[in-house]
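Participant: Below is a structure I'd like to ask you about.
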Amino acid sequence: MLQKIRIIIMFALAGMVFISVPVYFINFGSQSVGNFMTRVLKIRVDPVYSGGELMAIFNDPYDDDKGIGTYTYPDAKEYSPYRGHLDLVKYIVRKPVHEGAWSEFNKFWVMELVFNTLENPLNAPAGFSFPLINIYISLDGKNGGTTRSAFPGIQASFDSAHPWHYLVTVHGWQIDGSLYNSEGKYVSKVLVDIIKKDDKIRVTIPIENNTGLETLTDKSISYHYVTVGNFSLTGENHFKPIFLSATTHFGGGNPEPECGPRIYDYLQPSESQYDILSAYNPEKRKYAVLRPVKVIAGEGLHIPDNKNDTMDSAEKTYQVKKRKRKMDSLKSLIKMVEEVPEDVDIKTELACLYFEMGEDEKALTIFNQLTGESDSDQSLVLAYLGALHAKKAASKGNNVEKIIIVKESLAILDRAVSQAEPGSLSMIHVLMCRANVFRSIPDDVFGKLDTAVADLKTLKKISKINGLKEIYINVSDLLGDCYIRKGWHKKAVDSFHDGQIMAFAAGDEYHVLKLKNRILFAEKQYLDHLIMNL
Amino acid sequence: MDMLLKIFPVNQRFSKSFMTSLFLTLLFACFVSFFYLTVTADRQESIVRLCLVTGIALLYFLMMKTGYIKRYRSIFFISFSVLFIISFVGHLYDARGHMYLSRANISQLETPFCHIVIPMTIVPAALSKTIIFPAKMSGSYASIGSMVGIWLLTIFTIGRGWCSWVCFYGGLDEGFSKIGKKKRWNIDRLKKMRLLPFAVLSFVVLASFLVQSAVYCEWLCPFKTTTEYAQIVDFKSFIATVIFIGLFVTLVIVLPILTRKRTQCGLFCPFGAFQSFFNKSTLYRVQIDKNKCKDCLKCVSGCPTFSLTKKSLEKGKTEITCTRCGSCIDNCPEGAIDYKIAGVPFTQKDDYFNEKDHSKKWKQYIAGKLNEIFDPRVFLISTAFLFGVIISSRFLTDAILRISNLIMNGTMLH
């Protein structure tokens, strides 16, 4: 009997070893055991090793390493592709650790900064070349602190509601970072670790007894100003100056190099980074006032990632600002229409605003109401109806139908122009509507590009005479675009240039930069054209 | 065949017939091939893998055919340890550019989880649901999940056989214990010494629980010297490094040479002590036939891990620290020691199949072969060796490729 048991056991063993072991390793392996431990047994690796429990995570928009919205990188090839190196995308704060393990400090506080890209083309010793990170920490309930930077160079000041008490500075040209107090006195070294695969910089701040940070707990509330500048070995406190135009070694896009903040990216709180950083006053030599993010366990502000958003952030912010202005106008116009429903001018203004904001249905309803109203400016109504008609064509799938609708809209627009009073303000709107439609439709089908050019030229003249800078800039941009389409690159450059000069005079940095890029593009096209002809 | 027998003398009492050995070897080679040859590899790597399978199969065949376990196991075990270090260090340089464990590596939980940590992590894991070691829970070859999974399998199969068949460090002190022919220091007299690993185990488990960190890895592991060590950034890490090197030189090099014993494994390793407790739960045991034993004590003096004493001989079994290395079985001139299956009475050369009255010759033949195959020794060797081969598979191939790369291109890095 025992012998039989022995044979059964042996067979069982053979089966177990020769089948279960390989199957285990091939099919399940560590994953299943690890998952079982994590999910079922709820076991995890002590967070002390990874720097402590998470306290707050702040996402910062991608591609906003443009300072006030217009900053550009230096032209040196090391900065290629001229974006991302100074782009902070995430700021992680961990809870203070009071019993560290496998660590240089027993008590420490870890912050992690994730960048869009963290490269080291200049072989800096710490493993990254460009970012100059300054984290100003304001501790809630702690007396003292300051609203001025301990070290000049940053060209920014701090929110008086949250004067900062500690400053952490980190850059790639020193292995360790430094911790300073609000008097600018060195307190301690700060450990800096690079996690290349995640484009992450880990900053470990000691909170030992001699630092004054020993009272920090999981529940402590603090306010953080996180700034990213461009490192310079010789710059004032290592801040690289930013000038109006970029050169090989200096960034550009700063209309006020002596006053504009030397910050390429700022961890934005609820307000926009561009709004915060551009709020400086060069006349009064007043720096932009930075607003901090509030750090409290589990209350991190989460700004959604927009990594897949292809729209340029500067433009987006410009558009957002514009839209915000329009929204404010819209609210007041709606209110006025409710109060005085018979006022056709206000109604027309509201319909125009709806049109600009893409609310086509609402615009169409009001314009249809205004058609035939004797008090209303019929040329303006017709112009917008024509433009709305053309927009409708874009949504049609059938090409024949499209052509018919466009032709109808062209006729309406022509009628609008013929009815418009020359030199009047409505003439500008009417011509703008027609030019926009005419330049948008295929020239080889409708042959209206020349008319669009003529309209834009007229508009340019009118706006110049009337001192309408914004329209002049926009029209110059559109006219340049039309010239490029016609292959007249030299004229296009001139038109862009006109717009750029006006933008510069108007202090419109966004268009200065935008038109600069368009000039470069047109010049390149012109050169290509010359080479081809040669 | 005579030539082969001259080169590889046969232990007549345990040897298998040529056909049985060949059959078992082919069966074993099939499983080994599963790990070595099914993995996608380039031509050079495929050749290395094929050579390795052949080499492993040859060792297995020799174990089966000659009946000598320790001799051929040692060849595998020592080679495994040496090649493991080459592969591991090479991999560290490939991945990190250095051998030390940086702060960034720790914070990213990139520390390979080794089996020695397991006893230190169990109590905190049970009480506070946290693993006090900076490794990944799953996903990599040296994650907590993979190592715990392998360890759980050994609890029921080979127990402390891990220390002689699977451990990637053990081969180092075994290798050094084979240097020199004479014992220069008879450490067997220090009977209480064998309790030392249990003291180390108790200390590191308690201390690790109290400080919530794997104390042995942080301060006491001699193998940090040959694998990865904490970056020397301050006095504390400097002292730790001095301790690592000091213990390595003492326990892994000097003492094994002097005593011809595996002193690190037998006197210091907390995992070995921990695994000893599971020797009772495994299916395999080492049993001594008291009737055959002539008290020559060759097994006692030959045991590398202090697992045999006069007292244990009287009881007819080894101490719980036995690593199933097969040394005593090879050394016993009377053939009084062998493996057995737990719960099954220990009999030498059971003739179950032969006892039957088989009317036909072929039935007798098959019964004889089955009798040869169904032997506890065959199962233990197959199980333990398969474990070792699986664990070592990646390292052996990688190390050989690195060595060939060194010869041909002057660098061990991939």
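The values are calculated or read from the model by the stated rules, or taken from the named source; none is laboratory data. Remember, it's a predicted structure, so these values are computed and weren't measured experimentally. All Cβ positions, glycine included, derive from the backbone under ideal geometry; neighbour counts span all protein chains shown. Accessible surface areas use protein heavy atoms only, side chains included; no ligands, DNA or RNA. Shrake-Rupley method; radii C 1.70, N 1.55, O 1.52, S 1.80 Å.
Participant: Checking the structure you have, find out if any residue of the stretch B:251-274 is under 15 Å from residue B:158 (Cα atoms), without any contact (Cβ under 8 Å) to a residue 60 or more places away in the chain and either open to solvent by less than 50 Å² (accessible area, probe 1.4 Å) or within 22 Å of the chain's Cα centre (by Cα) (or both).
Facilitator: no
Okay, residues lined up against (1) in contact with a Phe, Trp or Tyr (Cβ under 6 Å, 6 or more places away or on another chain); (2) outside the structural domain of residue A:456 (by TED's automatic domain parsing); (3) not charged (D, E, K, R):
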position: A:369; (1), (2), (3): no, no, yes
position: A:384; (1), (2), (3): yes, no, yes
position: A:390; (1), (2), (3): no, no, yes
position: A:407; (1), (2), (3): no, no, no
position: A:416; (1), (2), (3): no, no, yes
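Participant: Checking residue A:91 against (1) assigned to a loop (DSSP other than H, G, I, E, B); (2) under 21 Å from the mean Cα position of the chain (by Cα), only one condition comes out false. Which one?
Facilitator: Residue A:91 satisfies every listed condition except (1).
Participant: Here's another thing I want to ask about it. Sort out which residues of the stretch B:359-390 are in a helix (DSSP H, G or I) and within 10 Å of another protein chain (Cβ to nearest Cβ), and write them in order of number.
Facilitator: Within the stretch B:359-390, B:370, B:373, B:376, B:378, B:379, B:380, B:382, B:383, B:384, B:386, B:387, B:390 qualify.
Participant: Considering only residues that are open to solvent by less than 40 Å² (accessible area, probe 1.4 Å) and outside any loop (DSSP other than H, G, I, E, B), look in the stretch B:226-245 and name the one that is nearest to residue B:169 (Cα to Cα).
Facilitator: Here the residue is B:244.
Participant: Now for a separate question. Kindly indicate whether residue B:305 is in contact (Cβ under 8 Å) with a residue 40 or more places away in the chain, buried (at least 20 other Cβ atoms within 10 Å of the Cβ) and at negative phi.
Facilitator: When the stated conditions are applied, residue B:305 passes them.
Participant: I need the full set of residues from the stretch B:1-51 which are among the hydroxyl-bearing types (Ser, Thr, Tyr) and modelled with pLDDT of 70 or more, in order please.
Facilitator: Within the stretch B:1-51, the subset among the hydroxyl-bearing types (Ser, Thr, Tyr) is B:15, B:17, B:20-21, B:25, B:33, B:36, B:38, B:40, B:46.
The answer is B:17, B:20, B:21, B:25, B:33, B:36, B:46.
Participant: Within the stretch A:38-72, count every residue that is away from every other protein chain (no Cβ under 13 Å), part of a loop (DSSP other than H, G, I, E, B) and not aliphatic (A, V, I, L, M).
Facilitator: Of the residues in the stretch A:38-72, 11 are away from every other protein chain (no Cβ under 13 Å), part of a loop (DSSP other than H, G, I, E, B) and not aliphatic (A, V, I, L, M).
Participant: Cβ contacts < 7 Å: first residue on the phi < 0 side of the Ramachandran plot, restricted to the stretch B:369-388; second residue basic (Lys, Arg), any location; separation 6+ or different chain. Result?
Facilitator: That search, which allows pairs on different chains as well, returns B:372/B:16; B:376/B:340; B:380/B:324; B:384/B:324.
Participant: Can you pull out every residue in the stretch B:107-152 that is assigned to a helix (DSSP H, G or I), at the interface with chain A (Cβ under 7 Å from one of its Cβ atoms), of a type in the set (A, V, I, L, M) and farther than 28 Å from residue B:263 by Cβ? Walk me through it before giving the result.
Facilitator: Taking the stretch B:107-152 and keeping what is assigned to a helix (DSSP H, G or I), we get B:107, B:115-128, B:144-152.
Right, trim to at the interface with chain A (Cβ under 7 Å from one of its Cβ atoms) and you get B:107, B:125, B:144-146, B:148-149.
From what's left, of a type in the set (A, V, I, L, M): B:125, B:144, B:148.
Listed by number, the residues that qualify are B:125, B:144.
Participant: Looking only at the stretch B:49-73, how many residues end up being open to solvent by 20 Å² or more (accessible area, probe 1.4 Å) and within 23 Å of residue B:322 (Cβ to Cβ)?
Facilitator: Summing the residues that are open to solvent by 20 Å² or more (accessible area, probe 1.4 Å) and within 23 Å of residue B:322 (Cβ to Cβ) in the stretch B:49-73 gives 4.
Participant: Still on this structure: With the checklist (1) surrounded by fewer than 18 Cβ atoms within 10 Å (Cβ to Cβ); (2) touching an Asp or Glu at 6+ places or on another chain (Cβ under 9 Å) in hand, flag the one item residue A:265 doesn't pass.
Facilitator: Every listed condition holds for residue A:265 apart from (1).
Participant: Evaluate the stretch A:194-215: report whether one residue or more is among the polar types (S, T, N, Q) and within 14 Å of another protein chain (Cβ to nearest Cβ).
Facilitator: Within the stretch A:194-215, one or more residues are among the polar types (S, T, N, Q) and within 14 Å of another protein chain (Cβ to nearest Cβ).
Participant: I'm trying to understand the selection: among the residues of the stretch B:79-106, which are within 17 Å of the chain's Cα centre (by Cα) and open to solvent by less than 40 Å² (accessible area, probe 1.4 Å)?
Facilitator: B:80, B:81, B:83, B:84, B:85
Participant: Still on this structure: I need a count of the residues in the stretch A:102-119 that are away from chain B (no Cβ under 13 Å), in contact (Cβ under 8 Å) with a residue 40 or more places away in the chain and touching a Ser or Thr at 6+ places or on another chain (Cβ under 8 Å).
Facilitator: Counting residues in the stretch A:102-119 that are away from chain B (no Cβ under 13 Å), in contact (Cβ under 8 Å) with a residue 40 or more places away in the chain and touching a Ser or Thr at 6+ places or on another chain (Cβ under 8 Å) gives 1.
Participant: Continuing with this model, one more query. When you scan the stretch B:177-197, do you find a residue that is within 14 Å of chain A (Cβ to nearest Cβ) and among the charged types (D, E, K, R), even just one?
Facilitator: No, the conditions are met nowhere in the stretch B:177-197.
Participant: Scanning the stretch A:54-72 for residues that are under 17 Å from residue A:245 (Cα atoms) and either of a type in the set (A, V, I, L, M) or open to solvent by 30 Å² or more (accessible area, probe 1.4 Å) (or both), which turns out modelled with the lowest pLDDT?
Facilitator: Here the residue is A:68.
Participant: Something else about it: Does the stretch A:431-446 hold any residues that are assigned to a helix (DSSP H, G or I) and without any contact (Cβ under 8 Å) to a residue 12 or more places away in the chain, and which are they?
Facilitator: Listed by number, the list holds a single entry, A:444.
Participant: Condition test on residue A:290, is it in contact with a helix residue (DSSP H, G or I) (Cβ under 7 Å, 6 or more places away or on another chain), modelled with pLDDT of 80 or more, hydrophobic (A, V, I, L, M, F, W, C) and not assigned by TED's automatic domain parsing to the domain that holds residue A:69?
Facilitator: Judged against the criteria, residue A:290 is not a match.
Participant: Hand me the list of helices (runs of 4 or more DSSP H) wholly inside the stretch B:246-312 holding 3 or more residues that are over 30 Å from residue B:344 (Cβ atoms).
Facilitator: Because the criterion is at least 3 residues that are over 30 Å from residue B:344 (Cβ atoms), the helices (runs of 4 or more DSSP H) in the stretch B:246-312 that meet it are B:255-259, B:263-267.
Participant: State the number of residues belonging to the stretch A:36-50 that are within 39 Å of the chain's Cα centre (by Cα), surrounded by 16 or more Cβ atoms within 10 Å (Cβ to Cβ) and over 15 Å from residue B:212 (Cα atoms).
Facilitator: 1
Participant: A follow-up question, please. Criterion first (among the acidic types (Asp, Glu), at pLDDT 80 or above and open to solvent by less than 20 Å² (accessible area, probe 1.4 Å)) does residue A:75 satisfy it? Even if it seems obvious, please write down each step before you answer.
Facilitator: On the way: among the acidic types (Asp, Glu): yes; at pLDDT 80 or above: yes; open to solvent by less than 20 Å² (accessible area, probe 1.4 Å): no.
No; evaluated as a whole, the condition is false for this residue.
Participant: Out of the stretch B:208-225, which residues are within 15 Å of residue A:100 (Cα to Cα) and open to solvent by less than 40 Å² (accessible area, probe 1.4 Å)? Before you say what the answer is, go through the steps one by one.
Facilitator: Keep residues of the stretch B:208-225 that are within 15 Å of residue A:100 (Cα to Cα), which gives B:208-215, B:218.
Result: B:208, B:213, B:214, B:215, B:218.
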